[in-house]
Each structure stands twice: as C-alpha cells, then as structure tokens.
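Right, one structure below, let's go through it.
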Amino acid sequence: MTSKAFKARRFSRRQVVLAAVGLLVLVIAGISWKRLQSDTQNTSKLFKVQRKNIAQSLQLSGKIFPEKTMVITAQQSGRIVALDVKEGAKVEPNDLLFTMQLEAAGQTELMDLRARVRALEYEVGSASKLVKNKSLVKELIGVDQVAREESDLQKMRLELDSARERLSIMESNLGLSQAAPKARNSAGTSGLVYVRSPIQGIVTLVDKRPGDFVMGGAGMSAGVSEVGGSNDRMVMVVADMSKLQVRIKVMEADLRFVKQGLPVKVRLDAYPDIAYDGEVEQIGGQGRAETKAGYTYFDVYVGVNQKDARLLPEMNATVDLIFAEQENALTLPVSCVLMLPTQSYVRLQDSKNPQGFRYAPVQTGAINAIDVQIVSGLKEGDEVMEIDFASPQIFEVAEGPGKTAKNEAVKQ
C-alpha cells in the first residue's frame, strides 16, 4: 500500500474528538437509563390508613330464575295447529297460548266424559222428581221403599259430582274451561283445544311449532328450578317475573356464615355496574356432593328486591353475601397488607434502610375483596407503600432495622 493511500484513510483530529464525545454521551445515557429503571422499580404508590365501614362478605355466582314457573303441557295427545304467542310475550291469566287438534283417542275420551255428565244430570233430575212425589205418599207405599230410593238418588248425585270434577280438570288442562261458548262447542265436535295461560307472566320458552305432535298425560305444572331441554310433552314455559331469585352454591365450610334474612348485593354479568338489593330467603336442607371437585355444597336461594326489565331468567349473576360489618374501622387496601400464617405486615418508607423501606408487623381483623381492617400497629393517617406481590422480596419479611429476614409461606 502506498504512502498516499495510507494518508487518505487517516482521520482528522476533529473527527476523533467528536467520536470520543459521542461515545461518552452514550455511556452516560445508558447509566442514567439504568438508574431510572431502578428508581422506577423501587417507587410504589402510597396509601393512607383511613376510617370506614368494612363489610365481610362471600362472593358467589349463580343464575337468575323466577320463583314461580309454569310448564305448559297438554292433558291429551294431539298436534299443534297454531301458536298465539311468541317468546318474550307478556300474558295475562286466560290469554290464549296455542291451539291444538286432539288425536282420536283424546277426542273420544273428552266427548265420552261430557256425554256421561249429561246422562247423569238427566238421571238425577228425573230421580229427584220421582222421589219428591213419592215422599208425599210414603205412608201408602212404604217408608222403607222411599228411603231406599232417596239413598240411590244420593249415590247418583255423588257420581255426578265426581264426573263433573273429572270433566272440569280435563277441560282446565286442555284450556277449555275459560274458552268462549263457540270454542267449547267446536272442541266438542272437531277436537280443537284452546290452551290458555294459568298465570300472569312472560313466555320465556316456546318448545314446539305448528304441526308438531305433543304427547299427552301431564297437565300444567309448577317448578322453582330451571326448565330443562326439549321434551315431547312441554309446549312452552310461562314465568311469573314479579318475584325473582338467584340460586347460589355455598360450600359446606362457609355455611356457618349464611343465615336467612342476610342482605346481599346482586350484580349481573351483563350489567356489572348495577347492584340490586336482595336477601337470603331459603337455605337448602340437604347437602349435595360435587363428585368431580370432591366437595359438598348447599343450595341457597336469594331474593331480588328490585324489579327491572333487564332481569331475565338464566342470566349469570354474582352475589355478595354480607355476613358481618365493622363500623368506623381503620382500613387499608388489600394490596398494602402482606398476610402470612402467623403475622401480617405492611411496607413503610424508611430512608435509613438501604432498600428505602421496611416491613412492620400489624394485627388485622375483618377482610373483604377490597379492604383489610387494621386492629393495631398503625394509626389513622399513617402512610404505607403498596406491596408488589410478584416480587420475591415478599418472602423476606424484615423483623426490624438491621436484622435478618425470615421466610414464611404466603397465606393464600
């Protein structure tokens, strides 16, 4: 390589100085950034000890359901002709729900029972007149004879009452008891059945469509639990929305905290910002085993005291069951208290400590999802630092300035 080429590649003194200054700036910036990160990691929010009412509660999940639900079925087998309501429709007692065509056997049974009632009515009427006339001359024809005929008349009357009751039940189950005269006459000849709502409420489920066949054999029935899936007998479900409940599962170990009448707050997953007032209305009398999870629970029914159109059956709900409340208590957020099996601690600022803080023991009382009661160790207005529960330092709880830390298992 020639001397001229070598000279062409030499850097000027100005370029060397600028490069050295740039390198120094990068080093200083790196050190500053590292210190900034360290300072950021060591900083923590400060919270003051405050006085407030702290409620102890259990937070449990459940589902909304009406206290009274009617499963609408048909007494006799037949085929759906028309549906007069849709899901979500509001109905009043005796409102028409659907029309169905009885199958031959069901139609024949209804007509036979009506004919039997009419025949008994005629027989009782004729026998009553005859006994009345004979009673006037019972001294001539014999007292015993008239007494036997009166006894036979009484038996016919009882048989008539029984037949009328059976007919009334059948017509009620078929929706005919409140039907208009034309509808009743039509049903007697054509086999059409007009099924009506037994209660005021909302149609929460329509399980059949026009043309579907419905198995008979069960009348309208009430239930207090969720309605299951489709079946051959159920046509629709009408729910009385005037009284709603939430059914929750309470673990056996927590049952001691639950008493009838305890106040609760109900929140819906769909509207988490709205809290509804309620109270415990009923506690199940028998435990149920959850075999997969290996625990026993009790069904607890919570009544919702407020009415709201947004409350619908089968909605998921969260229930805060308040079983105790401490008034005017010293409290801190749960994020500021490290609770261990034998002792609880808070983190205080300490400029004399190399870490800038120290752990101080406190005695805790009531606790909920938000606050912890401080029984002793702090006074109102004291400031504590928020605890980073993800840091391994929480396992090294200081006993005091300059003393060795001890390890304890964190209380779950």
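The values are calculated or read from the model by the stated rules, or taken from the named source; none is laboratory data. The structure displayed is predicted, hence computed values, not measured ones. Protein only, heavy atoms only, side chains kept; ligands, DNA and RNA dropped before computing areas. Shrake-Rupley method; radii C 1.70, N 1.55, O 1.52, S 1.80 Å.
When the Cα atoms of segment 239-311 are aligned to their principal axes, the ranges along those axes come out at 38, 25, 25 Å in descending order.
Once C-alpha pairs closer than 8 Å and six or more residues apart are averaged by separation and normalised to the residue number of segment 322-389, the relative contact order reads 36 percent.
The portion of the accessible surface of segment 273-399 made up by carbon and sulfur, rounded to a whole percent, is 45 (1.4 Å probe; DNA, RNA and ligands excluded).
Solvent-accessible surface of segment 229-387, taken per residue with a 1.4 Å probe and all protein chains present: 52 Å².
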